[in-house]
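Here's the structure we're looking at; comments come further down.
Derivation of every value follows stated rules applied to the coordinates shown; laboratory data play no part. All figures in this text were calculated on a predicted structure; none of them were measured in a lab. Every residue, glycine among them, receives a Cβ derived from its backbone with ideal geometry; neighbour counts consider all protein chains shown.
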Amino acid sequence: MGENKPNTFIKYLLVIVFMGILTIGKGQNKTIPDNSLQTDTIVNIHSAHKAALYSALVPGLGQIYNKKYWKLPIIYGTTGFIIYLFDFNNTQYNKFRTAYTQFNNGQITEFEGYTDKATLLRLKDRYQRNRDLNIIVLAAVYILNIVDAAVDAHLFDYNINEDLSLHINPAINKTFCNQNTIGLSCCFSF
């Protein structure tokens, strides 16, 4: 009859990942006229918008688009760990919430060695707070994944000159009163 939710979710996730992998390209091709040669040249531009969109659809897909494969274990390891912590805290919260409710109704007088209602309430609240913080951290990791993909795509074609140098020379400058001053001149080459 009907499928259970995890199997349906996995099928949708696989379809999205497969479609994302099929649509990953080398970037946008843009024709730029070159007046000196009187011909058109094609320049590949790495799209930050595409990278951010891919990472928003499937975390890590933007990093694949940017060819930063080493970031995938970090993203999925962090996400998996946070989901594990969420599941643990949610299980503990539900257990202590049920125990606190039963303790209030007089159905039990002891739960895992705790006989104080205030202690059960404190433990229930602590696990609830931790569970809620796990959701916030998971959302932050998701957003950082998108931002990282966009920034990497912006810097993908950035050219760094090999000549990174600092030149310090003595200098003689004139002040506003037309007097000479002696100092140092710093020149950065990059």
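Work out, in µm²/s and without decimals, the Stokes-Einstein translational diffusion coefficient of the range 110-183 at 37 °C, 0.692 mPa s, Rh from Kirkwood over C-alpha pairs.
It comes out at roughly 166 µm²/s.
Order by neighbour count: C177, C187, fewest other Cβ atoms within 10 Å first, most last.
If I rank by nearby Cβ atoms, fewest first, I get C177, C187.
For H49 and I168, FRET efficiency with R0 = 41 Å and r from the beta-carbon atoms, rounded to 0.05?
The pair I168/H49 has a calculated efficiency of 0.45.
For Q92, what charge total do you get from the other residues with a beta carbon under 14 Å from its beta carbon, if Lys and Arg give +1 and Asp and Glu give -1?
It works out to a net charge of +3.
Find out how many positive minus negative residues lie around F103, taking Lys and Arg as positive, Asp and Glu as negative, among other residues whose Cβ is under 14 Å from that of F103.
For residues surrounding F103, the net value is +2.
What FRET efficiency would be calculated for the residue pair C186, R129, taking the C-beta separation as r and a Förster radius of 45 Å, to the nearest 0.05?
It comes out at approximately 0.30.
Sum up the charges of everything whose Cβ sits under 15 Å from the Cβ of W70, counting Lys and Arg as +1 and Asp and Glu as -1, but leave W70 out.
Within the 15 Å Cβ shell, the charges total +1.
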